[in-house]
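Chemist: Let me begin by handing over the structure; questions about it come next.
The values are calculated or read from the model by the stated rules, or taken from the named source; none is laboratory data. Just so you know, these numbers come straight off a predicted model, no measurement behind them. All Cβ positions, even for glycine, are placed from backbone atoms using ideal geometry, and neighbour counts span all protein chains on display.
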Amino acid sequence: MRQQIAIITLGIKEIDRSKKFYSEGFGWSPIHKGNTTIMYKMNGFILSTWLLDELDTDMKRINKTKRASFSLAFAVQEEAHVAFFMERLVSAGGRLLRNADSPEHGGLRGYVADPDGHAWEILFHNEWKFNSEGYVYHTYLSLD
C-alpha cells in the first residue's frame, strides 16, 4: 500500500483570521475559499482549514475538550529564513511558542502557533536537501 497523505484539515474559529495567517504569514494562495473552508495546494497534498464546529460535526466528535497534540513543520533553505518566517507569522496573527534555538541534533528551529493554536515548527538544517521546486526530498536521517 502506498504511504501518502491527501489532505490535512485543521479546525479553525474564524475564516478571515486564519486566511491572514496562512496567506500573509507563509505567502500561500488558496486554491479554494468557501464559507467554512479554505484549501491550499501543497507539495503533494492539500492543507485545509475548516471551521471547528463544522469539522467536529462532520467527524461526529463527542468529546470536544480533549485534542491530540501535534505540530506541523515548515522547512527553510537558509538559516536566516527561520527568524524571517517566525516574525512574519507572528505579524500575521500567530503567537510565538518557542524562540529559535539549536537542538542537539543540529540546525535551527522555533515554534509559532497559528491563531487557532496549531503549532508550526519553522526549521533549518544544513544537511536537508531540497529539489528545484523547494521541497524537502532527503534529510540527514536514515530511514532504512
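Conditions (1) in contact with a helix residue (DSSP H, G or I) (Cβ under 7 Å, 6 or more places away or on another chain); (2) more than 24 Å from Ile38 (Cα to Cα); (3) aromatic (Phe, Trp, Tyr), marked per residue:
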| residue | (1), (2), (3) |
| --- | --- |
| Thr57 | no, no, no |
| Glu79 | no, yes, no |
| Leu96 | yes, no, no |
| Glu104 | no, yes, no |
| Val112 | yes, no, no |
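Chemist: Read through the list (1) part of a loop (DSSP other than H, G, I, E, B); (2) closer than 24 Å to Gly134 by Cα; (3) not hydrophobic (A, V, I, L, M, F, W, C), then give the number of the only condition that Ser69 fails.
Modeler: Condition not satisfied by Ser69: (2).
Chemist: Which ones in region 28-49 are of a type in the set (A, V, I, L, M, F, W, C), closer than 17 Å to Ile15 by Cα and either over 12 Å from the mean Cα position of the chain (by Cα) or modelled with pLDDT under 95 (or both)?
Modeler: Passing the criteria: Ile31, Ile38, Met39.
Chemist: Further, regarding this structure: Do the conditions hold for Tyr111, that is, is it closer than 18 Å to Ala80 by Cα, at pLDDT 85 or above and of a type in the set (Phe, Trp, Tyr)?
Modeler: yes
Chemist: Moving on to the next point. Mind checking which residues of region 49-63 are exposed (fewer than 11 other Cβ atoms within 10 Å of the Cβ) and in a loop (DSSP other than H, G, I, E, B)?
Modeler: Listed by number, the residues that qualify are Lys60, Ile62, Asn63.
Chemist: What tally of residues in region 84-115 results from selecting those that are more than 23 Å from Asn43 (Cα to Cα) and either of a type in the set (A, V, I, L, M) or surrounded by fewer than 16 Cβ atoms within 10 Å (Cβ to Cβ) (or both)?
Modeler: 15
Chemist: Then there's this: Could you list all residues from region 11-22 that are in contact (Cβ under 8 Å) with a residue 12 or more places away in the chain and surrounded by fewer than 18 Cβ atoms within 10 Å (Cβ to Cβ)?
Modeler: Lys13, Glu14, Ile15, Arg17, Lys20
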